[in-house]
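Written below as structure tokens is the structure these notes are about.
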Amino acid sequence: MSQRPLILVTNDDGILAPGILALAEAVAPLGDVVVCAPETERSGSSHAITLHSHLRVDEVRPGWHRVNGTPVDCVYLASLHLCERRPALVVSGVNPGYNLGSDVFYSGTVGGAAEGFIRGASAMAVSVHARESPRVAIPVVRTLARMLLAQPSLSLLNVNIPWISHSAPPPEGPPEVLAEGLPIVVTRLGARPYVEQVERRQDPRGMAYFWIGGPPRDAGEHEGEDTWAVKRGFVSVTPLVLDITAPDLSPWQAMLSGTTVQVDPQSEQ
């Protein structure tokens, strides 16, 4: 058995997305790589898992598997069945579009990484600007992956890489070379509001359908937030935790302190 760490690669854009190829290339020097991704795009699937239907897996080439499910399905199935040993690291992406602020609650990219963390691996979700080459992520991912594999404790990171190719004149050279040396900052989740809208449309047969959600809108940003970092050309690294319990329980303890729960004695027999 190999002594190299096993690294599982996934995404929410499908097995044919260019971002997953860049991600696999980024971590290949660091361990044995297994790729397991949805057969089609599953953006916005968050932490959805398939519990009431079957899953099918095809090996499209050695070590590369496609699943008719969500990113979470892929990580669960690969971690417990397809991989010969549990992954030490799960990397998800490279997503064509930032996952900032409240995006993390909807993102299938983050969902896949979070499932890796739940399964006992360090993990990171990686995103770039929608118009950027996913290859800009290669040096950043390699640096962070090496750090995650070296530390004994487990971590879950949400990584967003700034848009470096939009400057005028555009920089010359391979994207992965241009991204070397980008400053990396540790951030908090910022505000990421979207235009709230429901658009009613009509199909060719006259039946109504609806398109929900609008584009992101500018809500400003504060220093130290992920939205602030990418706007200034920094790589944003946001450590995430999965405990969403309110930090202060005392208001609820006070409200419920005089409440008595009535128990039916017959229900205890």
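The values are calculated or read from the model by the stated rules, or taken from the named source; none is laboratory data. These numbers were taken from a predicted model, which means no experiment stands behind them. Neighbour counts run over all protein chains shown; Cβ positions are idealised from the backbone, glycine included. These area figures cover heavy atoms from the full protein model, side chains too; ligands, DNA and RNA do not enter into them. Shrake-Rupley method; radii C 1.70, N 1.55, O 1.52, S 1.80 Å.
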| task | Express the carbon and sulfur contribution to the solvent-accessible surface of region 124-167 as a percent, rounded to the nearest whole number, probe 1.4 angstrom. | result | 57 percent
| Mean separation of Cα pairs under 8 Å and 6+ residues apart, divided by the residue count of the chain: what relative contact order is that in percent? | 16 percent
| task | Work out from phi, with θ = phi - 60° and the Karplus expression 6.51 cos²θ - 1.76 cosθ + 1.60, the ³J(HN,Hα) of each residue of region 2-10, listed in order in whole Hz, and give x for Gly and Pro. | result | 5, 8, 6, x, 8, 10, 9, 10, 9
| task | Mind telling me which of 200, 146, 131 comes out most flexible in a GNM of the chain, alpha-carbon contacts under 10 Å? | result | 200
| query | Roughly what % of DSSP beta bridges within the chain run antiparallel, to the nearest 5? | reply | 35 percent
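Could you compute the FRET efficiency for residue 210 and residue 53, with r as their C-beta to C-beta distance and R0 at 25 Å, rounded to 0.05?
So the FRET efficiency works out to roughly 0.50.
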| note | Under the rule rounded for a/c under 1.5, else prolate if a/b exceeds b/c, else oblate, using alpha carbon gyration tensor axes a ≥ b ≥ c, region 93-235 is classed as prolate
| task | Take the Cβ-Cβ distance between residue 4 and residue 131 as r, set R0 to 41 Å, and report the resulting FRET efficiency rounded to the nearest 0.05. | result | 0.70
| query | Each label point is 7 Å from the Cα along the Cα-to-Cβ direction; what then is the distance between the points at residue 188 and residue 244, in nm? | reply | 1.8 nm
| task | Classify the chain as rounded, prolate or oblate from the Cα gyration tensor: take a ≥ b ≥ c as the square roots of its eigenvalues, call it rounded if a/c is under 1.5, otherwise prolate when a/b beats b/c and oblate if not. | result | rounded
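Percent relative contact order of region 64-218, based on C-alpha pairs within less than 8 angstrom and at least six residues apart?
RCO, region 64-218: 20 percent.
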| query | Put +1 on the Cβ of every Lys and Arg and -1 on every Asp and Glu Cβ in the chain; which of 29, 47, 67 then has its Cα farthest towards the positive end of the dipole? | reply | 29
| message | If I model a spin label as a point 7 Å beyond the Cα along the Cα-Cβ vector, how far apart are those points for residue 28 and residue 41 in nm? | response | 2.6 nm
| said: Between residue 219 and residue 84, how high is the FRET efficiency from 1/(1 + (r/R0)^6) when r is the Cβ-Cβ distance and R₀ = 45 Å? Nearest 0.05. | reply: 0.45
